[in-house]
Amino acid sequence: MKRLVLAFVAVALLVGCREKTEAERLAKWTEGLHCRTYRSLSEKAAAKIVDQHHQRHPDEPQLDVSTTHAVVGLLWVMRRKYRYAYAEADLIAAGDNTDMANMSLALKTVALYGMKLPQLSAARYSELKTALAAAEGTTPEEVETDHKLLLIGLILVSVHHGDPELAQLGADALGATAQVDYLRPLVASIVEAKEGNLAEAAKNLEELRQSEQLREHALAVIREVADMAQQAKSGEEFLAAVRERLPMALAERLLDDLFTDEEKAAMLAEIRRIPEMILPKGDNPEAGEESPGATDDLPLEPAAEEL
């Protein structure tokens, strides 16, 4: 009897110590009282906002409940309240506006990654890519590449204009798309430091230190710097090599995290096509010799009536 009790206790302990799956961790939130209460309040608030908008602006386009949930969800992402953002995405999916289905998937992708549920995030993004590819007549891989380039542009513009919330929103979305966990704190620390918010920059740098992905890159860069030190003939030569190589080494590793080899090859092919798209036929220096008649139609002198 004692052995039976001990065996039962051992099994119970093993079950209790088992790490929960991502689906179980998500269910703990969505099925909990906190989430259900929030959803109920959000539904009532969204309906009230829509009614008030219709009453005050009857001649304007009608506001949709799902759109209201989407805006609130994006605001939660910008404030790093990912669980509430996921709840809003769930409310969009439960609504009757099928046009917002992709918005729900996009919001879930970012929210789940912020909730440290990368596998579920990747699954939702896979659904989103497939849906968009079918609608646009392209491939999921091309959709993903376009998303990444668009988000990189959004981040760069936001950093340049000093908009930390928009930059971090872009970094959240790009991090979820490419499964790069250090992107948001990296972008946030740069923007906050640029704006003079050193305390916030320090908080983000502290979060940056916790990234396993970034730690692997740091070790690789340290090894590269060590090789430079062995090959340099003087301290000045070593410092010059570090200044020249270090930023490029970090940029290369970031690009490797963001883009697959296939994506980089496709982008390079598109870049090589730029001269063909912007230059008249025959003027492309890579094309070799100029095709006959390429400039026959170009007026070399203004016509008499134009003088």
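Per the conditions (1) charged (D, E, K, R); (2) surrounded by 11 or more Cβ atoms within 10 Å (Cβ to Cβ); (3) under 28 Å from Leu174 (Cα atoms), the sole criterion not satisfied by Glu237 is (3). Among residues that are modelled with pLDDT of 90 or more and among the aliphatic types (A, V, I, L, M), Ala131 is included.
Examine the range 86-101 for a residue that is in contact (Cβ under 8 Å) with a residue 12 or more places away in the chain, surrounded by 14 or more Cβ atoms within 10 Å (Cβ to Cβ), over 19 Å from Leu128 (Cα atoms) and not aromatic (Phe, Trp, Tyr), and state whether such a residue exists. No, the range 86-101 contains no residue that is in contact (Cβ under 8 Å) with a residue 12 or more places away in the chain, surrounded by 14 or more Cβ atoms within 10 Å (Cβ to Cβ), over 19 Å from Leu128 (Cα atoms) and not aromatic (Phe, Trp, Tyr). Within the set Leu214, Leu169, Leu186, the sole residue that is surrounded by 14 or more Cβ atoms within 10 Å (Cβ to Cβ), touching a residue at least 60 places away in the same chain (Cβ under 8 Å), closer than 28 Å to Arg124 by Cα and under 22 Å from the mean Cα position of the chain (by Cα) turns out to be Leu169.
Where helices (runs of 4 or more DSSP H) fall entirely within the range 2-67, those with at least 1 residues that are of a type outside the set (A, V, I, L, M, F, W, C) and at pLDDT below 85 are at 2-17. For the range 194-211, the set of residues classified as within 21 Å of the chain's Cα centre (by Cα), not hydroxyl-bearing (Ser, Thr, Tyr) and not in a helix (DSSP H, G or I) consists of Arg209, Gln210, listed by residue number. For the criterion of being assigned to a helix (DSSP H, G or I), touching a Ser or Thr at 6+ places or on another chain (Cβ under 6 Å) and over 15 Å from Leu174 (Cβ atoms), Ala133 passes.
Under the condition of being of a type outside the set (A, V, I, L, M, F, W, C), over 15 Å from Ile222 (Cα atoms) and part of a helix (DSSP H, G or I), the residues counted in the range 245-273 number 8.
The values are calculated or read from the model by the stated rules, or taken from the named source; none is laboratory data. Predicted model only: the values in this text are computed from it and were never measured. Don't worry about glycine lacking a Cβ; one is built from the backbone with ideal geometry, like all the others, and counts go over all protein chains shown.
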